[in-house]
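Q: Sending over a structure as structure tokens; questions will come in a sec.
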2 protein chains.
Amino acid sequence: MRSQLSQRLIQSKQILRDFPRSRRYLVGVSGGRDSVALLHSLVDLGYKNLIVCHLNHQLRGRSSAADARFVENLAAKYDVDLAIESKNVRALAAKKKMSIETAARDARYDFFANIAKRKRCRTIFLAHHADDLVETFLINLFRGAGTTGLGAMRNVSKRRINGVDITIVRPLLGVWRNEIDKFVRTHRLKFREDASNKNLAPLRNRSRHRVIPYLEKTLGRNIRQNIWRAAAIASEEESFFEQLLPPELAKVTELGVKQLRSLPVAVQRRAIRAWLRSKEIVDLGFDLIENVRALLDSASAAKTNLPRDRHARRRAGKIFVE
Amino acid sequence: MRSQLSQRLIQSKQILRDFPRSRRYLVGVSGGRDSVALLHSLVDLGYKNLIVCHLNHQLRGRSSAADARFVENLAAKYDVDLAIESKNVRALAAKKKMSIETAARDARYDFFANIAKRKRCRTIFLAHHADDLVETFLINLFRGAGTTGLGAMRNVSKRRINGVDITIVRPLLGVWRNEIDKFVRTHRLKFREDASNKNLAPLRNRSRHRVIPYLEKTLGRNIRQNIWRAAAIASEEESFFEQLLPPELAKVTELGVKQLRSLPVAVQRRAIRAWLRSKEIVDLGFDLIENVRALLDSASAAKTNLPRDRHARRRAGKIFVE
């Protein structure tokens, strides 16, 4: 009975097949409802060799410390390993001139990459669910992110952070928030009210609390499901595009102008994106990528600015970051 | 001065390059503001060898007849050829159990294909603009159409209708409705109030008059521009996918199950879509395509229903329409 529910929660059989229970995995656990449900399901499904990863964002003082203690107890309860760290996200956001939400996410991924390296365990499970997928799709659409952004949240994706390649697995992308609610109630799971909900960037906040409810009211309740489908397809096609990328991309220090020019625009954009990402350039929005792509035109400027005082430059038929 | 404005209206230089002024083209002209502006710009830019195509939808009795007369006079004014036909769209919609909007569109494309064949002129200019692109993108998103649908409206696309291959060119996709308004005012162009605005399908109506204004109010005025960018990229990527399709697709009567299975899902979907379209199957939504794609699984049913009492069937390793 219990296993059946967990199985439904982690719907994708493919995920269970590609990530066998016998191996070791990281799990991101904030202590909020979604990640508590994920951890419970994974343990329930027979994943024993887990390392619970929790970053204390220090955003709510004693409440944040209590979140960390809660996750500590959770790991003890399930008898799995634990990695906890602490980071002053507010200070980080101020220093890097980022929103709290973005700084928190960056700090989390940095932390995950650290643990992945230290523990020699490169795969992490995260608790993003169907509502997150819809929300992220819409936010990227409203930002004009283009297809690369539209297909940003995937069941399985690879990412290079601080020189560490990690695989991010999101087994709950097909599960709705209200299904998780129900699961948590059925199993009487305790969880902490998610602090991060109070630090949403304005666009996410308005999308979640105003735009999506408005769309449901105006266009009917299945609108969420329909957007989910479009988002899921966009993600799938994104994987397809990734397969077309030159495999050595992340390792090369320079991009050949001639080679890049020979690719279709859709692949050029993704090649530039993947390459910049491997060089740990942040905030890879559409305009930034288009600015770098403009370097392919030998009649245009040979240099463009990147975030954090870095630059992309074209010289002698090559593009490089400095 | 005049030419400068027209040039701005038909922004894409690529379009002007790929469709030289010396050749002959069809232009869809309803008599509404957008198509009047398009025709005026084309003539202004030196396109002289045009055939104005107008379908009388018979939806508003004498007003529809007056639209047709207006377009007749317009063609005479610009000294270009004219093709006018008349179709009882309301009866067609009732007979085919379609919305008026869908029946009107189908009837128009049938008409365009007829004229294309009769006049041996396979390229048609249509007046869809940036607001249409945004609106169509959102409607397809709200329908859950997936990427194939998201990138549906393109600068240049090919389509097979009633056995006739036509090329559809939309030079105004980068121009906003209010820019067209301004253009029409500046040149004091007369036009007919667009009858089709009164026959919008409910989803388009709500998207145009409620959802988009709501998004602008909630998320700021540049939201339209941002969605436009995502839509334009989706369209561009759609062209890329089309290049990956087996070129003989439209001509084969049967699809090889084995060959189709060897393609990535993203390409399978588009191959099926293109093939069904060449067989003149209508209403190619996501579910319909997925149902046909399910025929690839030899464990599943060997037959699926298509609109208008047609069927797709798998037999001896082939899929065909009957």
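Q: Over chain B, what is the relative contact order in percent, taking alpha-carbon pairs closer than 8 angstrom and at least six residues apart?
A: For chain B, the relative contact order is 16 percent.
Q: Placing the label point 7 Å from Cα along the Cα-to-Cβ direction, what are the distances from residue A:209 to the equivalent spots in the other copies, shortest first, in nm to one decimal?
A: List, nearest first: 3.1 nm.
Q: Going by amide H atoms built from the backbone, whose H comes under 5 Å of the H on residue B:51, apart from near neighbours?
A: Close amide H contacts, sequence-distant or interchain: B:25, B:26, B:27.
Q: Ballpark to the nearest 100 Å², how much total accessible area do A and B bury together, probe 1.4 Å?
A: Counting protein atoms only, the buried area is about 3400 Å².
Q: Percent of Cα-Cα pairs per 10 Å bin, from 0 to the last occupied bin, for region A:242-322, please list those.
A: Per 10 Å bin, starting at zero, the Cα-Cα P(r) for region A:242-322 comes out as 18, 61, 20, 0 percent.
Q: At 1.4 Å probe size, with the rest of the protein present, what percent of the exposed accessible area of the protein assembly as shown is carbon and sulfur atoms?
A: 47 percent
Q: May I pose another question? Bin all alpha-carbon pair distances of chain A at 10 Å intervals from 0 and give each bin's fraction as a whole percent.
A: Taking every Cα pair in chain A, the percentages come to 5, 24, 33, 25, 10, 2, 0.
Q: Nearest to the axis that maps chain B onto chain A: list the chain B residue whose Cβ wins, with the distance in whole angstrom.
A: Nearest to the symmetry axis by Cβ: B:214, 3.
Q: Let me ask another. Roughly how many Å² is the accessible area per residue of region A:20-139, as a whole number, for a 1.4 Å probe?
A: Working: 5020 Å² over 120 residues.
On a per-residue basis, 42 Å².
Q: For residue B:26, what is the net charge nearby, where nearby means another residue's Cβ is under 10 Å from its Cβ and Lys, Arg count +1, Asp, Glu -1?
A: +2
Q: Taking a ≥ b ≥ c as the square roots of the eigenvalues of the Cα gyration tensor of region B:93-159, is the shape rounded (a/c under 1.5), prolate (a/b larger than b/c) or oblate? Before the final figure, lay out each step's value.
A: Details: a/c = 2.27, a/b = 1.28, b/c = 1.78.
Oblate is the answer for region B:93-159, as a/c is 1.5 or above yet b/c matches or exceeds a/b.
Q: So if I take the alpha carbon set of the protein assembly as shown, get Rg, then get Rh from the Kirkwood formula, what is the Rg over Rh ratio?
A: Rounded to two decimals, Rg over Rh is 1.00.
Q: Hey, what D do you get for region B:53-126 in µm²/s if you plug the Kirkwood alpha-carbon radius into Stokes-Einstein at 25 °C and 0.890 mPa s? Walk me through the numbers before you get to the answer.
A: Values: Rh = 13.1 Å.
Approximately 187 µm²/s, per Stokes-Einstein.
Q: Okay, next question. Can you tell me the orientation of helix A:223-244 relative to chain A, as the angle in degrees between its alpha-carbon axis and the longest Cα principal axis, to the nearest 10?
A: Relative to chain A, helix A:223-244 is tipped by roughly 50 degrees.
Q: Ok, one more. In nm to one decimal, list the spacings between the residue A:178 label point and its equivalents in the other copies, with label points set 7 Å along Cα to Cβ, shortest first.
A: List, nearest first: 3.8 nm.
Q: Suppose we take every Cα in region B:35-178 and form the convex hull; what volume per residue is that in Å³? Present the calculation step by step, with values, prior to reporting the outcome.
A: On the way: hull volume 18.6 nm³, N = 144.
In region B:35-178, the Cα convex hull volume per residue is 129 Å³.
Q: List the distances, in nm and shortest first, from the label point of residue A:46 to the matching label points in every other copy, placing each point 7 Å from Cα along the Cα-to-Cβ direction.
A: 7.3
Q: Report, in degrees rounded to the nearest 10, the 0 to 90 angle that the Cα long axis of helix B:62-78 makes with the longest principal axis of chain B.
A: 70 degrees
The values are calculated or read from the model by the stated rules, or taken from the named source; none is laboratory data. Fair warning: this is a prediction, and the values are worked out from it, not measured in the lab. Counting neighbours? That spans all protein chains shown, and the Cβs are built from the backbone with ideal geometry, glycine included. Note: areas computed on protein heavy atoms with side chains; ligands, DNA, RNA excluded. Shrake-Rupley method; radii C 1.70, N 1.55, O 1.52, S 1.80 Å.
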